[in-house]
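Below is one structure; the comments refer to it alone.
The values are calculated or read from the model by the stated rules, or taken from the named source; none is laboratory data. Because the structure is a prediction, the values reported are computed rather than measured. Note: ideal-geometry Cβ built from the backbone for every residue, glycine included; neighbour counts use all protein chains shown. Remember, those area values only see protein heavy atoms, side chains included, never the ligands or the DNA or RNA. Shrake-Rupley method; radii C 1.70, N 1.55, O 1.52, S 1.80 Å.
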Amino acid sequence: MSEKEDLAKQKAEAAAKAKAAALARKQAKEEAAEKPEGETDMAKQKAEAAAKAKAAALARKRAKEEAAEKPEGETDMAKQKAEAAAKAKAAALARKQAKEEAAEKPEGDMDIAKQKAEAAAKAKAAALARKQAKEEAAEKPEGEMDAAKQKAAAAAKAKAAALARKQAKEEATEKPEGEMDAAKQKAAAKAKAAAAAKAKAAAAAKTRTAVKESKEVNTPSELSPNQSKLDQIVSAIESHVGQGALLEHYINRLSKDVPTLVANPDTYFSIAKFLRYDEQLNFSYLSELHGTDFESHMEIYVHLHSFKMNQSVALKVKLDRDSPVIPSLVPLWSGANWPECEAYDLLGIYFNEHPDLKRILLGEEWKGYPLRKDYQPYDVEV
């Protein structure tokens with residue numbers, strides 16, 4: 001076949017394609033004008049799909065005809081040219097359709113339509129690439145198949161990257177300056193937020209490590225400076241009150257290393273009396289007394305100070321929660337009067353031999369004890 005015949009054939013094919021495309025667009029517009037809005041999109045999509053299918057079938061038919069007429073050497077070149085032309089036409093048609101849809105649709109639908117068109121174009125390109133790879137693999141020997149696959153993969157990656165860059169540029173040119181600045185600001189804000197989150201996480205990790213190391217370093221491997229005084233007090237109590245007078249004794253590291261004594265309820269008053277009147281100890285000042293509900297038991301905490309020893313000591317006693325009764329310390333320290341009344345008023349702890357035990361905050365008619373963990377108001381509206 002001569003060059004003139006090829007040229008004439010190509011022109012005829014181009015004219016036929018142009019007429020088919022024009023006819024398809026005309027039919028789509030007529031159908032869209034006749035149909036309601038809901039059916040217009042469906043008709044347009046069907047028409048576009050039919051036009052694409054016809055174009056693809058026509059391209060494959062021509063490729064086969066040209067391959068049958070030409071020798072083997074020219075067949076590959078013709079096939080490659082036909083594929084390149086088909087890809088270029090498909091890309092141009094996709095861009096044209098996207099622009100037309102964007103012009104017809106409102107702003108809210110433009111982004112969705114563009115995304116759908118891009119996704120469809122990518123899917124079609126990927127499907128076409130896979131199909132071509134399969135056809136080439138079937139025609140070529142095994143030695144050439146791997147090289148062809150690698151080339152096809154590299155070409156697909158390059159095309160995808162180029163398409164992504166092109167789309168980003170088009171979106172940047174289509175958007176007004178105000179939207180571009182807003183997008184940049186959002187991206188910068190996201191980057192800053194991510195960096196701040198990473199910095200916070202790193203700082204928290206460092207803090208946890210530092211706290212852990214400080215705990216390990218500050219573990220009380222050395223004796224407290226008040227340990228000797230605690231030993232002196234415990235020894236004196238066991239000598240004068242009895243060996244089983246104390247249930248426990250320790251240095252409270254969380255409260256300025258104060259020596260802490262846990263008394264047996266039966267020996268609570270005897271120990272307090274010894275601490276008050278012993279000439280060597282002489283804890284003459286009661287600075288604090290309060291009760292606490294631990295749900296499993298009640299507890300009385302008494303903080304005493306000795307001006308003679310220049311030392312404080314804490315005295316604790318655990319009570320039965322159902323019937324919390326303990327001797328009053330008012331005969332030893334008059335300052336225990338109101339603190340014991342408060343513990344009675346809010347927790348229901350009864351102090352034997354208190355000179356005037358009464359409710360000083362809520363009144364005698366109040367029902368229940370508000371500082372107990374299981375307290376429920378008698379009048380829920382109050």
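Measure up 19/124; 29/159; 9/157; 17/124; 89/131 against 29 Å on the Cα-Cα distance and list the ones that go over.
29/159; 9/157, as the Cα separations exceed 29 Å there.
With the alpha-carbon atoms as the only input, what is the per residue convex hull volume for region 226-324 in Å³?
It comes to 96 Å³ per residue, whole-number rounded.
Using a Debye calculation, one point per C-alpha and no hydration shell, please list log10 I(q)/I(0) for region 266-340 at q = 0.12, 0.16, 0.20, 0.23 Å⁻¹ in order.
At q = 0.12, 0.16, 0.20, 0.23 Å⁻¹ the computed log10 ratios are -0.32, -0.56, -0.84, -1.05.
Determine, from the Cβ-Cβ distance of residue 64 and residue 96 and an R0 of 30 Å, the FRET efficiency 1/(1 + (r/R0)^6), rounded to the nearest 0.05.
0.65
Give me the number: length gained by fully extending residue 83 to residue 118, i.e. 0.36 nm times residue separation minus the C-alpha to C-alpha distance, one decimal in nm.
Difference between extended and current length: 10.6 nm.
How big is region 218-282 on each of its three principal axes, counting only the C-alpha atoms and giving the largest first in Å?
On the principal axes, region 218-282 reaches 36, 24, 18 Å in Cα extent.
Determine the gain in length on full extension of the stretch residue 236-residue 167; use 0.36 nm per residue of separation and subtract their C-alpha separation, reporting nm with one decimal.
Length gained between residue 236 and residue 167: 15.9 nm.
Report the equivalent ellipsoid semi-axes for region 290-382 in whole Å, largest first, defined as the square roots of five times the eigenvalues of the gyration tensor built from alpha carbon atoms.
Each semi-axis is the square root of five times an eigenvalue, giving 27, 15, 11 Å.
May I ask you to rank 365, 288, 340 by accessible area, largest first, using a 1.4 Å probe over the protein chains only?
Descending accessible area places them as 365, 288, 340.
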